[in-house]
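Here the structure comes first, spelled out in structure tokens, and everything after it is commentary.
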Amino acid sequence: MSVKAPITQDVVTIPRKLPEGLVNLVGLTRPAMREALLAIGTPEKQAKMRVGQIWQWIYQWGVRDFDAMTNLAKDYRAKLAEHFVIEIPEVVSRQVSNDGTRKYLVRIAGGHEVEVVYIPEEDRGTLCVSSQVGCTLTCSFCHTGTQKLVRNLTAGEIVGQVMMARDDLGEWPERGAPKDETRLLSNIVLMGMGEPLYNFENVRDAMKIAMDAEGIQLSRRRITLSTSGVVPEIARTAEEIGCQLAISFHATTDETRDILVPINKRWNIEELLQALKTYPKVSNSERITFEYVMLKGVNDTDEDAHRLIKLIKDNGIPAKINLIPFNEWPGAPYQRSSNNRIRAFADIIYKAGYASPIRTPRGEDIMAACGQLKSATERARKSRRQIEAEAGL
Ligand code: SAH
Ligand code: SF4
């Protein structure tokens with residue numbers, strides 16, 4: 001019998017060290033911001049109102065400069081500037097695909113980099129946000145899983161990606177202008193780099209800020225968290241975030257899922273399905289999305305499709321099955337299933353009464369598609385090492 005390797009989570013969040021003890025207000029929850037304001041001598045009686053005012057400036061109007069907060073007294077603004085900053089990740093590069101997809105490389109504290117992808121569609125615009133630098137899990141088909149370096153992002157660095165994209169899209173509202181209902185950035189998916197449920201608190205706080213009625217105001221129905229199956233955090237996600245849930249399912253037997261999604265060795269298919277049963281009710285969401293990457297000759301037979309349906313049906317989980325054509329990356333050990341195979345698989349699912357959309361790969365020319373994200377510096381570092389090795393240095 002083989003010994004199950006533990007899946008360790010040796011990740012830490014290192015908050016940004018700012019010069020002279022300055023604190024970044026971005027990413028603080030309302031109670032945390034209140035504490036911060038009290039700590040600089042804001043009178044107790046005013047604290048709630050000040051939080052509301054500053055919150056609106058930051059998250060509704062996109063203001064980064066205390067001096068622009070004109071409903072605050074001048075000396076109070078100066079005091080804020082002495083102690084606080086309003087800081088978001090810095091854009092290092094931006095690539096635009098021929099299909100309009102934008103991929104940003106952003107730099108966070110410590111010089112680490114993560115990727116953020118904006119995907120424009122006819123009726124919506126989706127921002128694919130990262131929750132970690134790299135990922136501790138090692139799903140065998142995922143490029144991010146091959147990146148060694150891992151650290152959790154802070155809540156400010158997560159919601160900061162949304163603010164960065166709004167900057168780039170020019171989407172902060174003008175004061176006094178009529179409310180624009182068609183948003184360029186209308187949806188968030190936590191499907192970038194990292195496993196969001198291994199960074200629960202920061203992801204939760206960031207999404208709460210994105211949903212807050214006095215700021216970015218995205219509905220929880222327009223936020224989707226994708227997890228590889230961190231079972232103990234699923235109930236908490238329903239209770240404390242209440243967003244839409246997507247599961248990286250990808251296989252219909254434990255034998256195959258153990259290889260594709262190794263966290264399955266810790267929490268197997270049965271345990272995962274048990275945890276999913278109560279999600280829609282507790283979170284008041286309609287369906288769970290089952291993500292299924294189509295890998296040629298690995299998980300794409302008719303039998304797999306039938307087994308998948310049976311697993312979902314037997315457990316009575318309201319579901320939609322999102323088929324993802326495998327996106328190749330340099331050195332990937334798998335191939336994409338043929339279009340005919342993907343269509344046949346989708347057909348079986350559809351006939352069983354479940355929606356089975358096939359995800360169109362976006363931004364492939366700039367390596368921005370699902371599972372292709374791995375920071376460019378990490379790639380560059382690797383290739384430089386390779387070059388040196390080849391040159392006999
Ligand atoms: N860690 C989370 C979220 C990030 S991955 C998770 O695993 O769910 C976002 C989605 O892309 C997941 O469904 C993941 O399985 C999928 N994915 C990863 N690599 C891929 C690849 N090379 N081609 C297609 N989809 C991939
Ligand atoms: Fe991590 Fe998700 Fe990639 Fe797996 S698929 S390695 S959990 S980012």
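The values are calculated or read from the model by the stated rules, or taken from the named source; none is laboratory data. Worth saying up front: this structure is predicted, and the values here are computed from it rather than measured. All Cβ positions, glycine included, derive from the backbone under ideal geometry; neighbour counts span all protein chains shown. Surface accessibility is based on the protein's heavy atoms, side chains included, excluding ligands, DNA and RNA. Shrake-Rupley method; radii C 1.70, N 1.55, O 1.52, S 1.80 Å.
Numerical summary
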quantity: Alpha carbon Rg of the range 19-85, scaled by the compact-globule rule 2.2 N^0.38 Å; calculated: 0.99
quantity: Accessible area expressed per residue, the range 19-85, with surrounding protein chains retained (probe 1.4 Å, Å²); calculated: 52
quantity: Estimated inter-spin distance, Glu271 and Asn315, nm [label 7 Å along Cα→Cβ]; calculated: 1.3
quantity: Tail fraction, Cα-Cα pairs, the range 90-390, threshold 30 Å, whole percent; calculated: 30
quantity: Neighbourhood net charge (10 Å Cβ-Cβ; Lys/Arg +1, Asp/Glu -1) for Gly62; calculated: 0
quantity: The chain - percent of accessible surface contributed by carbon and sulfur, probe 1.4 Å; calculated: 51
quantity: Contour excess over end-to-end distance, with Cα ends at Glu303 and Ser93 and 0.36 nm allotted per residue; calculated: 71.2 nm
quantity: The range 87-189: trypsin sites (Lys or Arg not before Pro) in DSSP loop, at most 12 other beta carbons within 10 Å; calculated: Lys148, Arg175, Lys179
quantity: Modelled FRET efficiency - R0 25 Å, Arg30 with Glu239, Cβ distances, 0.05 increments; calculated: 0.85
quantity: Estimated Rh, the range 206-344: Kirkwood, alpha-carbon pairs, angstrom; calculated: 16.0
quantity: Residues of the range 36-76 with amide N under 16 Å of a point placed 7 Å along Cα→Cβ from Leu169; calculated: 59-62
quantity: Heavy-atom surface of the range 90-390, accessible at 1.4 Å and reported per residue (Å²); calculated: 42
quantity: Ellipticity estimate at 222 nm from DSSP helix runs (n ≥ 4, -39,500 (n - 2.57)) divided over the chain, nearest 500; calculated: -9500 deg cm²/dmol
quantity: Ordering of 33-46, 200-213 by burial proxy (mean other Cβ atoms within 10 Å per residue, highest first); calculated: 200-213, 33-46
quantity: Heavy atoms of His143: accessible area, 1.4 Å probe, square angstrom to 10; calculated: 10
quantity: Residue pairs, from the table Lys281/Lys351; Lys281/Lys320; Lys310/Lys351, whose Cα atoms sit over 21 Å apart; calculated: Lys281/Lys351
quantity: Net charge contributed by nearby residues that have their C-beta within less than 11 Å of Asp168 (K/R +1, D/E -1); calculated: +1
